[in-house]
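A short write-up of the structure that comes next.
The values are calculated or read from the model by the stated rules, or taken from the named source; none is laboratory data. Owing to the predicted nature of the structure, the values given are computational and were not obtained by experimental measurement. For neighbour counting, all protein chains shown are included, and Cβ atoms are generated from backbone atoms with ideal geometry for every residue, glycine included.
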Amino acid sequence: MRRAAVALPVVLGVLIATSFTATALLDIPSPPTLVQLLSTEPSRQGDLFAVRTVPASTAPEPLPVRSRPLPASVPWKGQRLSVAQFLATTRTNAFLVLRDGRLTHEWYRDGIGPTTRLSSWSAAKSVVSLLTGQAIEAGKLREEDRLVDILPQMKTGGAYDAITVRNLLDMTSGVDVPENYNEYYPLTGTARMYLTRDLPGFTRDHRGVQYQPGSKGTYRSIDTELLGQVLAKVEGQPLADLLARNIWAPMGAQDSATWNLDHDGGHEKAFCCINATARDYAKLGQLVLNDGQLRGRHIIPRSWIKRIATPAPHKVDGWGYSAQWWHPPGGDGKDFSAVGVYGQYIYLSPDTKTVIVKLSDYGDQQDEQETFDALRAIAKAG
């Protein structure tokens with residue numbers, strides 16, 4: 001969820017006023033859980049939902065450390081701020097910088113530390129992309145495959161049936177599940193998908209399309225949710241187990257992670273909500289920056305790294321986009337990033353060999369361009 005967050009204060013204010021019976025009929029969390037959501041920072045909301053665990057690697061590899069200073073200031077809305085002011089202004093929880101694969105800067109706000117798991121929000125979409133690239137390399141999936149050929153229960157006999165894996169990757173499916181929220185209709189769109197306890201049922205109930213699949217790009221979290229269901233089907237495993245086997249273990253993750261589910265033992269929320277430590281997010285970014293390679297082995301196919309590093313034909317909401325990774329305007333045109341609502345970034349600058357992880361509790365899509373300008377300044381400072 002990048003372009004519009006789950007409007008929780010509006011949604012939950014309505015729902016809490018309803019009864020336990022109403023929430024049960026809607027198949028969403030009970031009122032006590034909704035009350036907790038109202039008072040819990042976005043970075044920690046993963047603690048309130050069912051999870052599947054992604055164990056730490058049995059051969060963890062700590063990040064090599066080589067401290068280097070940050071620039072004295074970064075650009076911010078026509079002025080200059082110190083890095084400390086920038087982090088405070090954008091309500092940052094964790095901030096890590098890697099250069100040439102070495103951890104050169106690590107900072108946490110009070111109450112947060114190296115072993116604290118923080119929510120990815122939509123940065124999880126970029127992880128789903130990496131798992132998809134692995135499945136394609138293994139011959140289990142093709143970008144040309146139709147969604148309904150893999151999940152035949154989704155057939156409609158209409159335009160929806162033309163949706164391909166490529167459409168889902170590049171957000172060009174046209175599926176009509178909006179990211180924007182109207183306070184008078186709080187149980188629609190991604191807000192409802194976030195709260196539902198039946199993700200397969202939700203996707204079956206939302207098979208209308210706004211335009212011919214593949215004709216343009218529009219940010220829709222349901223595209224990643226459908227992609228996750230496709231991936232789980234062709235791999236025969238839940239997404240968290242795939243992440244553990246195919247990325248977390250081989251990259252030497254230091255800590256366990258979790259992935260939120262629609263209900264206990266249920267389906268991962270593919271469109272959001274991995275909970276992991278900042279160091280392991282940084283390792284993930286470094287793996288991508290290294291062309292998917294670690295110790296001479298390609299964990300992520302090189303062809304897939306090229307795929308995500310090259311903007312797709314259709315922009316998404318005015319920004320470059322490719323296979324669930326963002327290409328923000330400006331810069332040298334080579335940098336790209338995983339982005340999650342409330343200020344989650346795994347930013348990669350290939351030219352400067354820099355990875356920056358910034359995990360925050362900022363506004364739902366607040367000052368994203370300005371944040372990228374600041375991250376680019378830090379990367380270029382060397």
(message) Suppose we filter G228, G201 for residues that are part of a helix (DSSP H, G or I), within 27 Å of E144 (Cα to Cα), more than 20 Å from the chain's Cα centre (by Cα) and touching a residue at least 60 places away in the same chain (Cβ under 8 Å); which single one remains?
(response) G201
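So that you can scan it fast, the table gives a plain yes or no per residue for (1) surrounded by fewer than 18 Cβ atoms within 10 Å (Cβ to Cβ); (2) touching a residue at least 24 places away in the same chain (Cβ under 8 Å):
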position	(1), (2)
F49	no, yes
T53	yes, yes
A56	no, yes
P60	yes, yes
S67	yes, yes
A72	yes, no
A88	yes, no
R91	yes, yes
(request) Please go through the stretch 270-297 and pick out each residue that is out of contact with any helix residue (DSSP H, G or I) (no Cβ under 7 Å at 6 or more places or on another chain) and in a loop (DSSP other than H, G, I, E, B). (result) T277, N290, R295, G296
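R297: closer than 30 Å to G333 by Cβ and at pLDDT below 95, yes or no?
It is true that R297 is closer than 30 Å to G333 by Cβ and at pLDDT below 95.
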(message) When you scan the stretch 227-234, do you find a residue that is within 30 Å of R295 (Cα to Cα) and surrounded by fewer than 23 Cβ atoms within 10 Å (Cβ to Cβ), even just one?
(response) yes
(request) Could you grab me the full set of residues in the stretch 204-225 that are acidic (D, E) and either over 16 Å from the mean Cα position of the chain (by Cα) or at positive phi (or both)? (result) D205
(message) If a residue must be part of a loop (DSSP other than H, G, I, E, B) and surrounded by 18 or more Cβ atoms within 10 Å (Cβ to Cβ), how many such residues does the stretch 361-382 contain?
(response) 3
